[in-house]
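Novice: Below you will find the structure I want to go over with you.
The values are calculated or read from the model by the stated rules, or taken from the named source; none is laboratory data. What you see is a predicted model, and the numbers here were worked out from it, not measured in a lab. All Cβ positions, glycine included, derive from the backbone under ideal geometry; neighbour counts span all protein chains shown. What goes into the accessible areas is simple: the full protein's heavy atoms, side chains included, and nothing from ligands, DNA or RNA. Shrake-Rupley method; radii C 1.70, N 1.55, O 1.52, S 1.80 Å.
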Amino acid sequence: MDLNIESFRGKRVHMIGIGGSSMSGLAGLLKQRGYLVSGSDNYDSYHVRAVRENGINVVIGHKPENVHGADLVIFSAAISPENPERREAERLGIPQMERSTLLGQLMRGYTQAVGVSGTHGKTTTTAMLSKILVDCGLDPAVHIGGDYDYIGGSTRLGAKNVFVAEACEFHSSFLEMHPTVAIVLNIQEDHLDYYKDLADIANAFRKFAGKVPPEGVFIGNGEDENVLAIMKDAACRGETFGFAENCDWRPHGLTLDGEGRPSFTLTFHGEPVCEMTLRVAGQFNIMNAMAAMAAAHALGTDMQKAAAAL
């Protein structure tokens, strides 16, 4: 049976593992959209307390009776089918939906949807792009796999124009998304409990890039051979970022202050776009910032304001 989250608006949605950084944010998003949300988790935590403060009932401990009365059960990839709540939902005929499917469905209906993927740097880059878009008045909906005080946690409701989401490759969950702009920061060996090898990981990213429509944009690390290889297969426009001369987005005139924080001119196809000064150190954060700026540019953002936001 194909489930649609919209069919359960106003009904009770129970979330197993609600204390996870992604699940807790999605719980708040569902509550804001008119769903009756409950949840359970093995442990009390900061996220569980935050969910409770949002008026959502959370039970500590996974017990069969927790799903009684629920119309839909949401679970993350880490929750086994043998979990007592999932088994009880199965026995009672309560439909179940995996977390990444829920996130992908929530992204539908937005004019632009940005998926920020990569083995490393997703949360930082998603936060950077969110800051840019909020400060520039685009009023984005946001889902981050971590806490970002600037948006009030891990999610932001926003308008119906732009959705920015961290796109995690774990269990290929990002293949549930529908991006019009895809960022791939890097492709390296990770989650080898799920993937066979690096080639298997790269193939999942290739499928993710393939979900971008022809009128969309693929933004990739121009210094990562694995990223460049899948960019060749993408049906949409591709843009690269990096320090190498063949990259579309590059830093020029880079200087560092006493704490290693960079200042540089951001260039696109060799032409200066804006002056940037970051409050975070490290070459990897220059890469993250360029990826965020490239996505902001693809969304039509004022680049001077975008630079000021970072």
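Novice: Return yes or no: is K211 more than 23 Å from G104 (Cβ to Cβ), open to solvent by 40 Å² or more (accessible area, probe 1.4 Å) and out of contact with any Ser or Thr (no Cβ under 8 Å at 6 or more places or on another chain)? If you could, list the steps in order and put the result at the bottom.
Specialist: Values: more than 23 Å from G104 (Cβ to Cβ): no; open to solvent by 40 Å² or more (accessible area, probe 1.4 Å): yes; out of contact with any Ser or Thr (no Cβ under 8 Å at 6 or more places or on another chain): yes.
Taking the combined requirement at face value, the residue does not satisfy it.
Novice: When you go through G121, G93 one by one, which is the residue that is over 18 Å from G25 (Cα atoms), within 13 Å of the chain's Cα centre (by Cα) and modelled with pLDDT of 95 or more? I'd like the intermediate steps shown before the answer.
Specialist: Values: G93 fails: within 13 Å of the chain's Cα centre (by Cα).
Of G121, G93, the one residue that is over 18 Å from G25 (Cα atoms), within 13 Å of the chain's Cα centre (by Cα) and modelled with pLDDT of 95 or more is G121.
Novice: Which of the residues belonging to segment 88-99 are of a type in the set (A, V, I, L, M) and in contact with a Leu (Cβ under 6 Å, 6 or more places away or on another chain)?
Specialist: Narrowing segment 88-99 to residues of a type in the set (A, V, I, L, M): 89, 92, 94, 97.
Listed by number, the list holds a single entry, M97.
Novice: Something else now. Within segment 257-310, can you find the residues that are buried (at least 20 other Cβ atoms within 10 Å of the Cβ) and of a type in the set (S, T, N, Q)?
Specialist: Listed by number, the residues that qualify are N285, N288, T301.
Novice: Here are some conditions: (1) touching a Ser or Thr at 6+ places or on another chain (Cβ under 9 Å); (2) open to solvent by 40 Å² or more (accessible area, probe 1.4 Å); (3) in a loop (DSSP other than H, G, I, E, B). I18 meets all but one. Which one does it not meet?
Specialist: (2)
Novice: Quick one: what pairs do we get from segment 261-272, first residue in contact (Cβ under 8 Å) with a residue 24 or more places away in the chain and over 12 Å from M293 (Cβ atoms), second open to solvent by less than 80 Å² (accessible area, probe 1.4 Å) and part of a loop (DSSP other than H, G, I, E, B), C-beta under 6 Å, 6+ apart or different chains?
Specialist: P262/L278
Novice: Just checking, does segment 162-182 include any residue being open to solvent by less than 20 Å² (accessible area, probe 1.4 Å) and of a type in the set (D, E, K, R)? Explain how you work it out, then say what you get.
Specialist: We begin by selecting, within segment 162-182, every residue open to solvent by less than 20 Å² (accessible area, probe 1.4 Å); these are 162-165, 167, 169, 173-174, 177, 179, 181-182.
Going one step further and asking which of them are of a type in the set (D, E, K, R), we end up with 169.
Yes: segment 162-182 contains one or more residues that are open to solvent by less than 20 Å² (accessible area, probe 1.4 Å) and of a type in the set (D, E, K, R).
Results for (1) in contact (Cβ under 8 Å) with a residue 60 or more places away in the chain; (2) within 19 Å of H178 (Cα to Cα); (3) out of contact with any Leu (no Cβ under 9 Å at 6 or more places or on another chain), shown as yes or no for each residue.
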{"position": "V59", "(1), (2), (3)": "no, no, yes"}
{"position": "H62", "(1), (2), (3)": "no, no, yes"}
{"position": "A70", "(1), (2), (3)": "no, no, no"}
{"position": "I74", "(1), (2), (3)": "yes, no, no"}
{"position": "R86", "(1), (2), (3)": "yes, no, yes"}
{"position": "T101", "(1), (2), (3)": "yes, yes, no"}
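Novice: Separate question: Scan the helices (runs of 4 or more DSSP H) fully inside segment 36-127 and keep the ones with 2 or more residues being more than 30 Å from D224 (Cβ to Cβ) and open to solvent by 40 Å² or more (accessible area, probe 1.4 Å).
Specialist: Values: elements: 46-53, 84-92, 99-107.
Where helices (runs of 4 or more DSSP H) fall fully within segment 36-127 and carry at least 2 residues being more than 30 Å from D224 (Cβ to Cβ) and open to solvent by 40 Å² or more (accessible area, probe 1.4 Å), they are 46-53, 84-92.
Novice: Identify all residues within segment 164-179 that are farther than 13 Å from L102 by Cβ and assigned to a strand (DSSP E or B); write none if there are none.
Specialist: V164, E166
Novice: Looking at segment 140-161, which of the residues that are of a type in the set (D, E, K, R) and in contact (Cβ under 8 Å) with a residue 40 or more places away in the chain is most open to solvent (accessible area, probe 1.4 Å)? Even if it seems obvious, please write down each step before you answer.
Specialist: The first filter runs over segment 140-161 and keeps only residues of a type in the set (D, E, K, R), leaving 147, 149, 156, 160.
Then drop every residue that is not in contact (Cβ under 8 Å) with a residue 40 or more places away in the chain, which leaves 147, 160.
On the way: D147: 76, K160: 107 Å².
For segment 140-161, the residue satisfying everything is K160.
Novice: Tally up the residues in segment 257-283 that are touching a Leu at 6+ places or on another chain (Cβ under 9 Å) and closer than 16 Å to I219 by Cβ, please.
Specialist: 1
Novice: Consider A235 carefully, then state whether it is free of Cβ contacts under 8 Å to residues at least 24 places away in the same chain and either open to solvent by 30 Å² or more (accessible area, probe 1.4 Å) or small (G, A, S) (or both).
Specialist: Working: free of Cβ contacts under 8 Å to residues at least 24 places away in the same chain: no; either open to solvent by 30 Å² or more (accessible area, probe 1.4 Å) or small (G, A, S) (or both): yes.
Considered against the rule, which asks whether it is free of Cβ contacts under 8 Å to residues at least 24 places away in the same chain and either open to solvent by 30 Å² or more (accessible area, probe 1.4 Å) or small (G, A, S) (or both), A235 comes out as no.
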